[in-house]
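Inspection log for the structure reproduced underneath, given as structure tokens.
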């Protein structure tokens, strides 16, 4: 073979090899480019969840695909120790409980953001929300919150809120004294887009800190929430969608819990909310037992519809800013914290709006002691609420249950609040009750057969609640209500602050929550006007004040003076 032919053969082989590697390289480049074009970032996953929902092996229902997160507490799981904590760590945990009322030692181990499962009902995941929803400002006041808890709140909002819907997160430091909330927090905020930090030099309280954040917010809609909340997928879209549909709504999410010991996230076992405790006595809006209104049943076509509520929860309120200001905002005469969620809920209802819980929006909250100093506040907030929004005879009943005159409380001037009520032509307090009655069972003391003190003829003492003890006593009558203020209701129960009297198996007369009787007959009594006796229907025993003790017991009816009772009005 000639030298020329050998060179030609090697040249062909060389060209073939070069072309082969070029082909592989181009394929890899095109594959990588295609993967980049089809990949979805974690933030984009949140934004496009209604357009692209992906099935996984773990959950048959469609959920969005989020990054895998490892480490303690991932996926909302609890953090448990194996008992190998050092003595110093154990002391540190006890110290944190005293300071924060939760295990800050565990919080410092958790990531932020902490990725959470998709807690929404399957029906909620199928909803396609409008692309042109408005932006929202999130307002978060805090005081001496653990830095890791505060940052997790912020980061979860940033992660799970689509960029085009979040105007800003305004955090208001209400004169915290914790050192790590100074320089460390400043560094974090500087690195976070859309986060604004406002520092108050003096303690103004939760309400006015919220008001300060709302005042500087840029969006037309705001969400106020506590600084120890974790949000999850799809939390904000249903809220904004509902506020656009009804600008006069006051909304809050389906609120679950973050366990303050192990930081486990759980769904709310009572999705219809808790009883609504009005100041000084309870009107139970037992939502899950009270869907008796046909109109209300027809209004909720499926599980995704908003749920009407008597009052918003204190840790979260969502409103249109202009409607909030039309209602006068938070009452500037109220102090620090307390009753503000009831005040705003009552006036929303009375002035033509609605209060609703949004079941398709899930957030989790750490239930803990309030960190704002409530000394010297007393009953100021409650009295301002009552003097502004509650009418007769309900106002008097509330004061009787509390046992004081409003003039003994320095609650300030409410004329500007009354002017707001007049200017926007808000309805009566009776209207509020009637609206709530459309969807909830409520107990209204004004409708009871008897109201006041119950005096025993033999002992000349009065039936007394005895603090919050299980057993009542008879005690010298003071005529000022409070623990000696009772109702004989239209349901034939003897009631005080949501608790009803009955005769137990030992013939003692004791209290039980009125909604916790499996046998409703167990709490019913008959009042014999002629004999002036109360007869327990279930046992046939008469309510008796023992002369030689302070006990109230059930005894066979003998018409003795120990069994005779007389109703007396309360004078305060």
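Where a number appears in this text, it was derived from the coordinates with a stated rule and is not lab data. Since the model is a prediction, treat every value here as computed from it, not as a measurement. Cβ sites come from the backbone with ideal geometry, for glycine too, and all protein chains shown count toward neighbours.
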Quiz item: In which sequence would 368, 120, 455 go, from the one with the fewest C-beta neighbours within 10 Å to the one with the most?
Solution: 368, 455, 120
Quiz prompt | Per residue, the convex hull volume that the Cα atoms of region 448-568 enclose (Å³) | solution = 95
Quiz item: At a Förster radius of 35 Å, what calculated FRET efficiency corresponds to the Cβ-Cβ distance of residue 507 and residue 437, to the nearest 0.05?
Solution: 0.40
Quiz prompt | Likely footprinting exposure, 255, 537, fewest C-beta neighbours within 10 Å first | solution = 537, 255
Quiz prompt | Ranked 99, 510, criterion: other C-beta atoms within 10 Å, fewest first | solution = 99, 510
Quiz item: Length gain on complete extension for the stretch residue 179 to residue 123, per 0.36 nm per residue less the alpha carbon to alpha carbon distance?
Solution: 15.6 nm
Quiz item: Computed FRET efficiency, Cβ-Cβ of residue 326 and residue 135, R0 22 Å: what is it to the nearest 0.05?
Solution: 0.60
Practice problem: Could you calculate the contour length gain from residue 471 to residue 559, that is, 0.36 nm times the residue separation minus the distance between their Cα atoms, to one decimal place in nm? | Solution: 29.4 nm
Quiz prompt | Highest average packing first - 386-398, 148-160, Cβ atoms within 10 Å | solution = 148-160, 386-398
Quiz prompt | Order by protection proxy (mean Cβ within 10 Å, highest first), peptides 464-474, 258-268 | solution = 258-268, 464-474
Quiz item: With each pseudo-label sitting 7 Å past Cα toward Cβ, what's the residue 193-residue 354 distance in nm, one decimal?
Solution: 3.7
